[in-house]
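Accompanying notes for the structure given below.
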Amino acid sequence: MKKSTIYTHTGDGGETGLVGGTRVSKADARIDLYGEVDELNARLGAVVAALGEQGPEATFLTRVQSALFDLGANLACEVADRSRFKLPGIAPGLVAEMESEIDRMDSALVPLKNFILPGGVPSAVAAHLARTGCRRVERLLISFGNETGEAAPAHALELLNRLSDHLFVLARWANHQAGQAETTWKP
């Protein structure tokens, strides 16, 4: 039987390798950060599945998932090595495309006058969960930069900030498409 290449035993001692070969603790802030990017990517996959994997919304989110892989690859590489490995960056036009998608979906919605509670149909719930994970990644990326002095990869903060907006509007849009009323916050 052929031995799988999925396990290497190299991380069994609590360390992992960065793209450039440096070994670091699996508890390192960099590992935590790109692990959260990976979790966000999985949450986007859940949104795509809940949307039925059809239509422009799911197709666009799949493109965003690829951009998150690009971000994760850059975060898994020491800054000095990024140009050596020619890692893909976040396409500068992706944020503008995301804004167009937000505008398209938002045009079908009633303007908000109150805060709404996360919920509704499964695709809306998945979008709200992805949105909160996106905000966590954004906070961690800023914190990592503050602690290490390392600049975020180009367009990463804009992407994350706009993605959380996109997911909020997508959740509202999904509820609207399904005829599901939004629940307003009652303080």
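Less than 5 angstrom separates the built amide H of GLU15 from those of LYS26, all sequence-distant by 5 or more or on a different chain.
Helices that extend 24 Å or more along their long axis by alpha-carbon positions and average at least -1.0 on the Kyte-Doolittle scale are, among the DSSP H runs of the chain, 29-51, 55-75, 122-148, 156-178. For LYS186, the lysines whose Cα comes closer than 30 Å to its Cα, not counting residues fewer than 8 places off in the same chain, are LYS113.
Rounded to the nearest 500, the helix-only mean residue ellipticity at 222 nm of the chain stands at -21000 deg cm²/dmol, with each DSSP H run of n ≥ 4 adding -39,500 (n - 2.57). Using Cβ point charges alone (K and R +1, D and E -1), the dipole size of region 96-140 about the Cα centre works out to roughly 340 debye. Residues of region 151-174 with amide nitrogen under 18 Å from the 7 Å Cα-to-Cβ point of GLU97? From region 151-174, the list is 154-167, 170. Rg/Rh for region 54-148 stands at 1.03; both radii use Cα atoms, and Rh follows the Kirkwood definition.
Label zone (VAL24, point 7 Å along Cα-to-C-beta; backbone nitrogen cut-off 14 Å) within region 146-164: 146-153. Mean-square fluctuations from a GNM of the chain, with a 10 angstrom spring cutoff on Cα atoms, peak among ALA171, ALA80, ALA130 at ALA80.
Taken about its Cα centre, the chain carries a charge dipole of roughly 280 debye when the Cβ of each Lys and Arg holds +1 and the Cβ of each Asp and Glu holds -1. Of all aspartates and glutamates in the structure, those lying under 19 Å Cα to Cα from LYS3, and not within fewer than 8 positions of it along the same chain, are ASP12.
If you place +1 on the Cβ of every Lys and Arg, -1 on the Cβ of every Asp and Glu, and leave all else neutral, what size is the dipole of region 63-173 about its Cα centre, to the nearest 20 Debye?
So the magnitude is around 260 debye.
Read-outs: derived from the displayed coordinates by stated rules, not from any lab. Since we're looking at a predicted model, the values are computed, not measured. Neighbour counts are summed over all protein chains in view; Cβ atoms, including those assigned to glycine, are modelled from backbone coordinates with ideal geometry.
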